[in-house]
Amino acid sequence: MHTSRRWTRIRRPGSLTLALPALFLTTCLQALPAQEVPISFDDFHGFEGAVEYVREVADAYPEITELLEIGRSTMDRPIHVLVITNSATGTTLDRHVPLRNMRKEGVDNVPPMRSYQGKPGIWIDGGTHGNEYTGTEVTLYIIDKLVSGYGSDEAITRLVDENTFYICPMVNPDGVYNSVDRGISQRQNSMRRDDDGDGRVNEDGPDDMNGDGLITTFRYPDPEGRYVLSQEDPRIMVRLDRDEETDRQRYSLVREDSDEDGDGEWGEDPMRGIDVNRNFPEGWFTDDNSQGGSGAYAASSPESHAILEFFSTHRNILLVQSFHTSGGFTYRPFARWPDEEIPGPDLTVFDDLMGTKYKELVGEPDNADLWRHPYRDDRGRPYGFGIFIDWAYAQYGSYAMTTELWNWRRDTRGLPGYQGEEDRGAWYAALLAWENRPFDERIFVPWEPYDHEQLGEGEVGGWVSTYVGGNALPGASLRHVAETHWQFELYKAGLLPRLEIDSARAEVLYRSSSAARAQASSRGNTVTIRPQGGLGEYRVVKVTATIRNTGPLATHRTQGDDLAGNREDAIWLLGDRDRVKFLQGRAWQELGVLAGTLDVYEEGANQRAVSWLVAVEGEPSLKLVLTSQKGGTKVRELSVR
Amino acid sequence: MSTKQKIMLLPVCILALALLGPAPGLSQEKLQESPGGYHGEQDFPISWKRYYSYEEWTGIMHDLQDQYSHLADIQSIGTSRMGREQYLLTITARDTGPHQDKPAMWVDGAIHGNEVNGITCSLYLAWYLLTRYDYDEFVHDLVNSTTFYILPGLNVDANHSYVVHPNTPNNPRETYRPEDNDGDGLYDEDRTEDVDGDGELSYMYVEDPEGPLKLSPDGHLFVEVADDRERVRRFRSLGPEGFDNDGDGLINEDDIGGPDPNRNFPYGWNLDAGNPYPMSEPETRNVFEFQRAHDNIFASFHYHNTGRLIMMQAPPRATEEELTEARGEYGYYYRRRQMSYEDSLAFLRGKNKYAQLFEREVAPQYQHDMDVQTAIVTMGAQILKNYEPVIGGLSGQAHAATYYMLGAYAYLMELWGSPAFADIDEDGRVTNEEYLRWIDLELHGEGWIDPHPVQHPDLGEVWIGGSPTKHIRRTPPSRYVEMEAQKNADFVLFSASEFPEVTFHDIQVTPETGNLYWVDVELENDRLYPTISDREIQLGTAVMDRLIFRSSNNVELLPMPQEETRFDPVNPAASADGVGEARHEFRLRGKEIRTFRYLVEMSGSGGWVEFQVESKFGGNPSERVELRVSN
């Protein structure tokens, strides 16, 4: 394949913020109010809150947002994408090319493109795993920043004018609903499936044994257990290492659950289905085992189906960010394959460019652990199959990455009594002592004795998983996490290609006001020319243009244009078909892939020069339409001089 | 044997055998008589010498279901991209049980939009089953015991367009997902059209002094200019009829049609052929989801055109490791073939000219599937006369998913092949001259478009013609539609009649000493198909067959270990397949008899033993044997 040739120095893209006087700013930009829809991060939104918020935003900002429903989950919840872009800008090729003599029966299978498809796109999602709803919160934070900053912040305004943001707060709404709104942590989607083969579907999942309205844990003494009571505070359970010895009483912890269907097992047929992030077609496990947690086949779940269909019909996405928890680092592709499968220039973009910035934003520029890929180099085997970002990079052609948000030690803010110590016990203790919490909900339920049907005597209580289970602490911690990643998205969006047609000229080479058609016939060495009907005003025009990409990234990832469904950039010269005849050059010309301005590309590869020779009758107007899938569509009218 | 308890050995045996009567009786009234070979055709008159549009064929399906509602159900399994319902007929006798409780045959046609022969073949099969039910014992039994899921048109949007509107034989093939074939940024913008409005899509030629073609002397077609010095009007080909819709100077460069639906299935799927993602097309996804939800589907037929092929799904090739392991301690024992492949085939063909043999070597756990498929397609070759069986491909095809993911035996039929009729010089190709000759002779000239000049708005004067009409090359002319349908229905019916059936071949009671008795039960599947495919076992989704023992209170089953020794002619238990348990799990292969041996103790002078078979695809027969001691 390609050698992993690394460039040691990358010319960083130029600063996005122009140094304009403040006065000039306020007079030439629209003075939109900043935040029309207030939002708080003192608690989790959950499914209901997130849907309500995006609906309110779409209502409040009709000129720059549009709410789409791209599918429905198994339990019929909507999967929403909020499109953020200036709806007054942007165009697509199909509205410029008139079609004639189409088939009489007129099959209308091609819907007109939306103007937001004519701009470079960036996709951001959260909540693929239902219990990783910090991601949902971060997407809402990003939405708030974009719509509130539009019109007042120059960088944001430019980005929203020129690009399209596709933001999907909950890829897996059923999982988020169960995890937050119902308090039953569910990573997977929901499915109607008879897991235990007893003829009933979803009849036995976690449930509230002690009637306190929460699903917490049941702890019981167990000589094989992996937990002991914390020395500092016996309310806290500490997990032992795999081979750790102890002479303290061992406990086991299980989720609150009873045997609802009386079959001797508990929790054996819950609502949860498959892991959506193993249900994508790149490296999906197509081997003999067609069952399992990755779905019956790639794209079988309604959630991945909705994403795949959306991407297939919206080919302008060049950047993909998926938010998960936890750990506080970012994965770039692949999970399935080793790095040899990624071309060198792409590795440079990922690691040297984006990775460097990410580590800098997190505040630990030398921490190599912050930027990784999931593939297990040390064991020579995949981390997983059918991962979303693998597909988005390999088959769709975007720079895709997954961020595992929330590192409790690094990201905790505003927790009295905790100063960033390594000791988890100290963190737990600080949590328990936290009195002026921003959110009202309980984080800890005191242990109460309970007699479990199968496991015997023990206690119910412990941490409420919604708040202490791998997600950010609402309040200052969550805001800090969101802000860091908002800055990263802002940075990446600034890397998107920016195409322009400059120096476009139509130069008349020959003109006649009394031109006529003619026909030529030859016999031997003599050619006889017979004039026919008159044409009137007639010109031979040379059209030239230079196309340039002033953005850092190319309009495709390396070899991305070769992928099925993708294409090279192209440019059309359009005018009245009956009066414009192409003498040299076809109506549309291929431009290959316009490189960006980064050092990783060849010098001059970010521009093209095109020319045509056309014969023009009368005074029709000409226009150039530059059309790039991920670079956007640009139009330039030409006046013939 | 004590004289006090003289066991009536013979009568007991006779009693047992007498109970092994015919299968549960027909629940319908007696069949109608069929004078003069009449089998109900006029009960639902229909022409099989034509093709039907979407409205027509779905209307026929609804009418059939309406008239034969005791045998058929109709449903839509989902909608197509353009909103058409995919209608499916479920055919089985309602009175003998619900459709999902019987082994089912899946039949679909025309996944490729232009391969509409499959629609008539599927529809014919449905009509055949329903009209003949009261007149034909074979059909009667089949419809009583088997379910048929028949989806005549799969790619309904393209099917409809192909039948009703002018089209070349090659398009529309795919589903209607927008696709930018020429990379110009527009989708499906330059399609073929009927330029001269004659209702046919032919080919365009333009005069070109450098062109390689000329009009043939009889004026029927364009032929190559053999002699360069010939002074004749020359032409060059422009491709199929059409206009330059988008003004880019090219014609028909981006026709309607997206991904190939028969590369869209999940098994062996790849991006280039099956894009954008597995099961992306509603038409194919609806089909696969239906099949997944109906696990009683035992085998499937998928209709395509053209080529006269029976493409069967075969088990995977054995890896070197599997072959080495199979040889094991027996050395080369597992390599069954002593002769070369060619010699073996020649040997078989010497006895049966339709014999088939495939070179693929499979691992032992798949050998039965390989043998079964070979046997089935051998009969298929015999029934269809001039079709060739081959092994089908993977790469996201429907029948690969059916076999490899669901464990059902699958066949892709490439229907019709004009070479059988028109290839006079037998070089495997049919040139336009050969088509013309055949059309003149057998179709009396119908089916040919003569070249004629036409004014083209973008090109000036062009000549259009010199080609066959739509239903010649790929799909049969209308007069041959019934012929293809009849033969193919026969093959489907044959396969369905070979679905497994478990029966009690024999039950023997042999007294041992005292009040102990040996009971030997022989279960038979005398059909070609096994009760469970090898593939389903390997997938881990198999529900094994079960034999359950019950007895009266005074009869007790004595536990017995299975003998370890392989060959012991003295100990009969050693040769049984299953010994002495109340529940046996097993699988019956095709044409197999399995023996189960029980040792029972009866106190008192009378009692009974009962055996219940539970086989998902083979049925649930049971037998009870009364034991009476006479004095």
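If you scan region B:420-436, which residues turn out to be outside any loop (DSSP other than H, G, I, E, B) and either free of Cβ contacts under 8 Å to residues at least 24 places away in the same chain or of a type in the set (S, T, N, Q) (or both)? Outline the logic, then answer.
Just the residues of region B:420-436 that are outside any loop (DSSP other than H, G, I, E, B), to begin with: B:420-422, B:432-436.
Scanning region B:420-436 gives B:F421, B:A422, B:N432, B:E434.
Is it fair to say B:V143 is more than 14 Å from chain A (Cβ to nearest Cβ) and part of a helix (DSSP H, G or I)? Steps first, please.
On the way: more than 14 Å from chain A (Cβ to nearest Cβ): yes; part of a helix (DSSP H, G or I): yes.
Yes: the conditions hold for B:V143.
So, in region B:264-290, how many residues would count as being under 21 Å from the mean Cα position of the chain (by Cα) and either among the small types (G, A, S) or away from chain A (no Cβ under 11 Å) (or both)?
Looking only at that region, the number is 6.
How many residues does region A:433-476 hold that are touching a strand residue (DSSP E or B) at 6+ places or on another chain (Cβ under 8 Å), farther than 26 Å from A:G267 by Cβ and modelled with pLDDT under 90?
Residues that pass the stated criteria total 0.
Report whether or not A:G631 is modelled with pLDDT of 95 or more, within 12 Å of another protein chain (Cβ to nearest Cβ), in contact with a Pro (Cβ under 8 Å, 6 or more places away or on another chain) and farther than 13 Å from A:P497 by Cβ.
On the way: modelled with pLDDT of 95 or more: yes; within 12 Å of another protein chain (Cβ to nearest Cβ): yes; in contact with a Pro (Cβ under 8 Å, 6 or more places away or on another chain): yes; farther than 13 Å from A:P497 by Cβ: no.
For A:G631, the condition - modelled with pLDDT of 95 or more, within 12 Å of another protein chain (Cβ to nearest Cβ), in contact with a Pro (Cβ under 8 Å, 6 or more places away or on another chain) and farther than 13 Å from A:P497 by Cβ - is not met.
Residues in region A:389-415 that are of a type outside the set (A, V, I, L, M), touching a helix residue (DSSP H, G or I) at 6+ places or on another chain (Cβ under 9 Å) and part of a strand (DSSP E or B): how many?
3
Among the residues of region B:180-236 satisfying the criterion of being surrounded by 16 or more Cβ atoms within 10 Å (Cβ to Cβ), within 14 Å of chain A (Cβ to nearest Cβ) and without any contact (Cβ under 8 Å) to a residue 40 or more places away in the chain, which is farthest from the chain's Cα centre (by Cα)?
B:G185
Rundown of residues vs (1) farther than 20 Å from A:H80 by Cβ; (2) more than 14 Å from chain B (Cβ to nearest Cβ); (3) of a type in the set (K, R); (4) in contact (Cβ under 8 Å) with a residue 60 or more places away in the chain, yes/no style:
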residue	(1), (2), (3), (4)
A:M102	yes, no, no, no
A:G121	no, yes, no, yes
A:Y133	no, yes, no, yes
A:L140	no, yes, no, yes
A:S148	no, yes, no, yes
A:E154	yes, yes, no, yes
A:D161	yes, yes, no, yes
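So which of A:A605, A:A595 ends up being away from chain B (no Cβ under 14 Å), of a type in the set (A, V, I, L, M) and either closer than 19 Å to B:G185 by Cβ or surrounded by fewer than 19 Cβ atoms within 10 Å (Cβ to Cβ) (or both)? Outline the logic, then answer.
Details: A:A595 fails: either closer than 19 Å to B:G185 by Cβ or surrounded by fewer than 19 Cβ atoms within 10 Å (Cβ to Cβ) (or both).
Only one candidate passes the filter, namely A:A605.
Checking A:E489 against (1) part of a loop (DSSP other than H, G, I, E, B); (2) within 30 Å of A:K634 (Cβ to Cβ); (3) among the acidic types (D, E), which test does it fail?
With respect to (1) part of a loop (DSSP other than H, G, I, E, B); (2) within 30 Å of A:K634 (Cβ to Cβ); (3) among the acidic types (D, E), A:E489 is out only on (1).
So, B:Y176, is that one within 13 Å of chain A (Cβ to nearest Cβ), part of a loop (DSSP other than H, G, I, E, B), modelled with pLDDT of 95 or more and surrounded by fewer than 20 Cβ atoms within 10 Å (Cβ to Cβ) or not?
Values: within 13 Å of chain A (Cβ to nearest Cβ): yes; part of a loop (DSSP other than H, G, I, E, B): yes; modelled with pLDDT of 95 or more: yes; surrounded by fewer than 20 Cβ atoms within 10 Å (Cβ to Cβ): no.
So B:Y176 fails the test.
When you scan region A:562-578, do you find a residue that is more than 12 Å from chain B (Cβ to nearest Cβ), closer than 27 Å to B:D254 by Cβ and either assigned to a loop (DSSP other than H, G, I, E, B) or modelled with pLDDT under 95 (or both), even just one? Spell out the reasoning first.
First, the residues of region A:562-578 that are more than 12 Å from chain B (Cβ to nearest Cβ): none.
So far as region A:562-578 goes, no, none of its residues is more than 12 Å from chain B (Cβ to nearest Cβ), closer than 27 Å to B:D254 by Cβ and either assigned to a loop (DSSP other than H, G, I, E, B) or modelled with pLDDT under 95 (or both).
Restricting to region B:242-257, and then to whatever is buried (at least 24 other Cβ atoms within 10 Å of the Cβ) and more than 7 Å from chain A (Cβ to nearest Cβ), can you tell me which residue is nearest to A:V97 (Cα to Cα)?
Among them, the one singled out is B:G242.
Among the residues of region A:232-245, write down those that are without any contact (Cβ under 8 Å) to a residue 40 or more places away in the chain and in a loop (DSSP other than H, G, I, E, B). I'd like the intermediate steps shown before the answer.
Going through region A:232-245, the residues without any contact (Cβ under 8 Å) to a residue 40 or more places away in the chain turn out to be A:234, A:239-245.
If the condition is that a residue be without any contact (Cβ under 8 Å) to a residue 40 or more places away in the chain and in a loop (DSSP other than H, G, I, E, B), then A:P234, A:L240, A:D241, A:R242, A:D243, A:E244, A:E245 are the ones that fit.
When region A:615-641 is examined, which residues are found to be crowded, with 22+ Cβ neighbours inside 10 Å and out of contact with any His (no Cβ under 8 Å at 6 or more places or on another chain)? Can you show your working first?
Filtering region A:615-641 for residues crowded, with 22+ Cβ neighbours inside 10 Å gives A:616, A:624-633.
Of everything in region A:615-641, those that are crowded, with 22+ Cβ neighbours inside 10 Å and out of contact with any His (no Cβ under 8 Å at 6 or more places or on another chain) turn out to be A:V616, A:L624, A:L626, A:T627, A:S628, A:G631, A:G632, A:T633.
Taking the stated definitions as given, is A:E459 outside any helix (DSSP H, G or I), out of contact with any Gly (no Cβ under 8 Å at 6 or more places or on another chain), touching a residue at least 24 places away in the same chain (Cβ under 8 Å) and acidic (D, E)?
Working: outside any helix (DSSP H, G or I): yes; out of contact with any Gly (no Cβ under 8 Å at 6 or more places or on another chain): yes; touching a residue at least 24 places away in the same chain (Cβ under 8 Å): yes; acidic (D, E): yes.
Answer is yes for this residue.
Looking only at region A:609-631, count how many residues are farther than 17 Å from A:V541 by Cα and in contact with a Gly (Cβ under 6 Å, 6 or more places away or on another chain). Don't jump to the end; show me each part of the working.
As a first pass, look at region A:609-631 and keep what is farther than 17 Å from A:V541 by Cα: A:625-631.
So of that shortlist, the ones also in contact with a Gly (Cβ under 6 Å, 6 or more places away or on another chain) come out as A:627.
Residues in region A:609-631 being farther than 17 Å from A:V541 by Cα and in contact with a Gly (Cβ under 6 Å, 6 or more places away or on another chain): 1 in total.
Looking at region A:85-92, is at least one residue surrounded by fewer than 18 Cβ atoms within 10 Å (Cβ to Cβ) and touching a Leu at 6+ places or on another chain (Cβ under 7 Å)? Don't jump to the end; show me each part of the working.
Just the residues of region A:85-92 that are surrounded by fewer than 18 Cβ atoms within 10 Å (Cβ to Cβ), to begin with: A:87-89.
Narrowing further to those that are touching a Leu at 6+ places or on another chain (Cβ under 7 Å): none.
No: zero hits.
The values are calculated or read from the model by the stated rules, or taken from the named source; none is laboratory data. Remember, it's a predicted structure, so these values are computed and weren't measured experimentally. Cβ: placed from backbone, ideal geometry, glycine included. Neighbour counts: every protein chain shown.
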